[in-house]
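Below is one structure, written out as structure tokens, with a few remarks after it.
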Amino acid sequence: MKRIDNAPAGAGSAVTVRGLVKHYGATKALDGVDLDVREGTVMGVLGPNGAGKTTLVRILSTLLAPTSGRATVAGFDVVRHPRQLRRMIGLTGQYASVDEKLSGRENLYLIGRLLDLPRKEARGRADALLERFSLTEAARRPAATYSGGMRRRLDLAASMIGRPTVLFLDEPTTGLDPRTRNEVWDEVRRLVTDGVTVLLTTQYMEEAEQLAHELTVVDRGKVIASGGIERLKARVGGRTLRIRPADPLQSRPLADALDEMGITGLAGTSVDTEGGAVLVPVLSDEQLTAVVGAVTARGITLSSLTTELPRLDEVFLSLTGHRAGEGQDSAPAETPEEAVAV
């Protein structure tokens, strides 16, 4: 499975956030967030539960007013121009929000009409999205009869009925089976190919690796890291040299020899017995050169020699001190006076 190709150079900014703050009493859900999302790309927003990810999405989609700071989406200020902005965006929250009494087709048609689509266009758009999300056979059934995965797909289809310029996906694949999750990923890729900008919050590291061009890591309401995935991995450091002898039985003797030579650092080597490889933590280019030289000097025939950056979940843990999914989102629901006026 391939990630989305790199975005074209020189893309403008579809989402711009500067100094965004949101208070809930004495609690700062957001504490001076800065963010830029390039047009036609996927920005992955990572963070433990309670980090402020959902609050950020609510503000950017005009569902919640910030305490201070400024944000523009598709050229519209989220506070001053909410009505215009809502015609440019789509939103899928953490839980499906379809009307269970209506059929799948009726749900999509209703949203199309609310977006001022002509009746014929709303029907056509609804039918096209039902087919795209493999819901055509269930189109006339009440949404209450849908499985959890089907409701999720219908919710995603609803967010796309108006052909949004910017799409906000707040943990869109939570609870989905692998097949449905992959269908969602494929649809996100198609949207980006068509020029849609996506801001994706997720706790699935694989999802971020598959979809995101860039990542922003938030914790306790602050941005603590941002950039491309490989750049963040390099920032954390911790390259690993994977040495696979042609004869797997040589793995353990080789690991012992490298440790005895004292060139593998305090962490020492480890052996992947299943993969028949020696794993060496590499802290510098000089150490890498010394290890390779030692292997060559022993005359061991290798089947492969590769360097690996840390896994994204290891990067996440290193940056936040939390594993993805730890904690609990505790941002309270906004009060009426906090909500942006329609």
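The values are calculated or read from the model by the stated rules, or taken from the named source; none is laboratory data. All values reported here derive from a predicted model rather than from experimental measurement. Reconstructed Cβ throughout: ideal geometry from the backbone, glycine too, with neighbour counts over all protein chains shown. With ligands, DNA and RNA removed, areas are computed over all heavy atoms of the protein, side chains included. Shrake-Rupley method; radii C 1.70, N 1.55, O 1.52, S 1.80 Å.
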Exercise. Determine Rg/Rh for the chain; Rg is computed over alpha-carbon atoms and Rh is the Kirkwood hydrodynamic estimate from the same atoms.
Key: 1.07
Quiz item: What is the packing order of peptides 172-178, 220-226, 159-165, taking the mean over residues of other C-beta atoms within 10 Å and listing the highest first?
Solution: 159-165, 220-226, 172-178
Quiz item: Helix 104-114 versus the longest principal axis of the chain: what is the Cα-based angle in degrees, 0 to 90, to the nearest 10?
Solution: 70
Self-check item: Helical contribution to [θ] at 222 nm, DSSP H n ≥ 4, -39,500 (n - 2.57), averaged over the chain, rounded to 500
Solution: -10000 deg cm²/dmol
Exercise. Working from Cα positions, state the angle (0 to 90°, nearest 10) between the long axis of helix 285-297 and the longest principal axis of the chain.
Key: 50
Quiz prompt | Check: the chain dipole with +1 on Lys, Arg Cβ and -1 on Asp, Glu Cβ, in debye | solution = 1300
Quiz item: Can you give the angle from 0 to 90° between the axis of helix 251-261 and the longest principal axis of the chain, with both taken from C-alpha atoms, to the nearest 10?
Solution: 70
Exercise. Compute the distance in nm between two label points, each set 7 Å from the Cα along the Cα-to-Cβ direction, one at Thr296 and one at Asp247.
Key: 2.2
Exercise. Can you send over the carbon and sulfur percentage of the accessible area for region 1-133, probe radius 1.4 Å, protein chains only?
Key: 50
Exercise. Take a quick pass over the chain and tell me how many lysine pairs come in under 15 angstrom between Cα atoms, counting only ones 8 or more apart or on separate chains.
Key: 5
Quiz item: Tally Lys and Arg at +1 and Asp and Glu at -1 over the other residues with C-beta under 11 Å from the C-beta of Ala14: what net charge comes out?
Solution: -1
Practice problem: Report Rg/Rh for region 154-299, rounded to two decimals, where Rg is the Cα radius of gyration and Rh the Kirkwood radius. | Solution: 1.16
Quiz item: What per residue convex hull volume, in Å³, do the alpha-carbon atoms of region 88-187 yield?
Solution: 87
